[in-house]
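K.L.:
What follows is a structure written as structure tokens; I'll ask about it next.
The values are calculated or read from the model by the stated rules, or taken from the named source; none is laboratory data. Every value quoted in this text rests on a predicted model; they were computed, and no experiment measured them. Here the Cβ positions follow ideal geometry from the backbone for every residue, glycine too, while neighbour counts run over all protein chains shown. Heavy atoms of the whole protein, side chains included, go into the accessibility calculation; ligands, DNA and RNA do not. Shrake-Rupley method; radii C 1.70, N 1.55, O 1.52, S 1.80 Å.
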Amino acid sequence: MTDRVAVVTAGGSGMGAAAARRLAADGFKVAILSSSGKGEALAQELGGLGITGSNQKVEDLEQLVSATMARFGRIDVLVNSAGHGPRAPILEITDAQWHTGLDVYLMNVIRPTRLIAPIMADQKGGAIINISTAWAFEPAANFPTSAVFRAGLAAYTKLFADQYAPHNVRMNNVLPGWIDSLPATEERRASVPLGRYGKSEEIAATIAFLASEGAGYITGQNIKVDGGLMRSSV
């Protein structure tokens, strides 16, 4: 059987790193991009490929893809994680900060997808999973750039799913709520029906399912993993 290969961007820590660990445990060869160098160290630990670079730089993403193809010969899964964008009262966010939010929360998906989706289409299969936010459809004032651009990501995901479904290339978004990679407060914990913060490993498990053959009929979806925090029908 051909080894399955997963690429994880912004995978040096938090949910991205948890996803890389879980996919490696599930038998994937992993390639990790991280600006901190932590992703390169994690990839070495997992027997994979690590590149120190930014998902905001096309040349770094091109290096990641070319190195992955040179080493493994295919890409079956792409996990798009993200850093943290600007936060401020909405009228105080500058043009430059909005553009940074665009880079962090939407272009972080568009850039690597542009490079990797054609590879998956040629292979006649692949899965792209984007780590979004539970507040994509019910925005919170304390995460303004995240909410705005991840609402845009939902639209992009639906458009992509329509176009690439005939090639058996799927795209879905995972929408985490309060996760243990974030600072914990009692107020936030109390707002969650399950009464606790989620674990990065629980997000990773959802990503692993969406990457699996068992999720082969799921595309264009926004899947909440938030302890019941958001209960709308969107």
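K.L.:
Given (1) polar (S, T, N, Q); (2) more than 14 Å from the chain's Cα centre (by Cα); (3) within 16 Å of Val30 (Cα to Cα); (4) open to solvent by less than 50 Å² (accessible area, probe 1.4 Å), where does Gln63 come up short, assuming only one miss?
P.N.:
If we test Gln63 against (1) polar (S, T, N, Q); (2) more than 14 Å from the chain's Cα centre (by Cα); (3) within 16 Å of Val30 (Cα to Cα); (4) open to solvent by less than 50 Å² (accessible area, probe 1.4 Å), just (4) comes out false.
K.L.:
Same structure again: Tell me yes or no: at least one residue of segment 55-75 is in contact with a helix residue (DSSP H, G or I) (Cβ under 9 Å, 6 or more places away or on another chain) and more than 23 Å from Gly37 (Cβ to Cβ).
P.N.:
yes
K.L.:
If you go through segment 90-100 one residue at a time, do you hit one that is crowded, with 20+ Cβ neighbours inside 10 Å, within 23 Å of Asn173 (Cβ to Cβ) and not basic (Lys, Arg)? Walk me through how you get there before you give the answer.
P.N.:
Here is the first cut: in segment 90-100, the residues crowded, with 20+ Cβ neighbours inside 10 Å are none.
Checked against the condition, which is being crowded, with 20+ Cβ neighbours inside 10 Å, within 23 Å of Asn173 (Cβ to Cβ) and not basic (Lys, Arg), segment 90-100 yields no hits at all.
K.L.:
Taking Thr185, is it in contact (Cβ under 8 Å) with a residue 24 or more places away in the chain and hydroxyl-bearing (Ser, Thr, Tyr)?
P.N.:
no
K.L.:
Next question. Quick check on Arg71: is it open to solvent by 40 Å² or more (accessible area, probe 1.4 Å), farther than 17 Å from Ala17 by Cα and not in a helix (DSSP H, G or I)?
P.N.:
It is false that Arg71 is open to solvent by 40 Å² or more (accessible area, probe 1.4 Å), farther than 17 Å from Ala17 by Cα and not in a helix (DSSP H, G or I).
K.L.:
Which of (1) open to solvent by less than 40 Å² (accessible area, probe 1.4 Å); (2) touching a Leu at 6+ places or on another chain (Cβ under 8 Å); (3) more than 20 Å from Gly198 (Cβ to Cβ) is the odd one out, the single condition Gly11 does not satisfy?
P.N.:
Single failed check for Gly11: (3).
K.L.:
Suppose we filter segment 202-234 for residues that are part of a loop (DSSP other than H, G, I, E, B), in contact (Cβ under 8 Å) with a residue 60 or more places away in the chain and open to solvent by less than 50 Å² (accessible area, probe 1.4 Å); how many remain?
P.N.:
6
K.L.:
Also: So for segment 50-63 (the condition being within 26 Å of Ile179 (Cα to Cα), in contact (Cβ under 8 Å) with a residue 60 or more places away in the chain and assigned to a loop (DSSP other than H, G, I, E, B)), does at least one residue qualify?
P.N.:
No - not one qualifying residue is present in segment 50-63.
K.L.:
Related question: Determine which single condition Ala70 fails, assuming it passes every other condition in (1) in contact (Cβ under 8 Å) with a residue 12 or more places away in the chain; (2) farther than 24 Å from Met171 by Cα.
P.N.:
Here Ala70 clears every test but (1).
K.L.:
Select from segment 18-34 the residues that are open to solvent by 10 Å² or more (accessible area, probe 1.4 Å) and touching a residue at least 40 places away in the same chain (Cβ under 8 Å) and list them in ascending order.
P.N.:
Once the filter is applied, which keeps residues that are open to solvent by 10 Å² or more (accessible area, probe 1.4 Å) and touching a residue at least 40 places away in the same chain (Cβ under 8 Å), segment 18-34 yields Ala18, Arg21, Arg22, Asp26, Phe28, Lys29.
K.L.:
Continuing with the same structure: Select the helices (runs of 4 or more DSSP H) contained entirely in segment 103-197, then report the ones holding at least 1 residues which are open to solvent by less than 20 Å² (accessible area, probe 1.4 Å).
P.N.:
Numbers: elements: 107-123, 144-164, 186-190.
Answer list for segment 103-197: 107-123, 144-164.
K.L.:
Take the conditions in contact with a Ser or Thr (Cβ under 6 Å, 6 or more places away or on another chain), in a strand (DSSP E or B) and under 22 Å from Ile203 (Cα atoms) and apply them to Ala31. Does it pass?
P.N.:
Yes: the conditions hold for Ala31.
K.L.:
Something else now. What number goes with the only condition from (1) of a type in the set (Gly, Ala, Ser); (2) outside any helix (DSSP H, G or I); (3) under 19 Å from Asn172 (Cβ atoms) that Gly83 does not pass?
P.N.:
(3)
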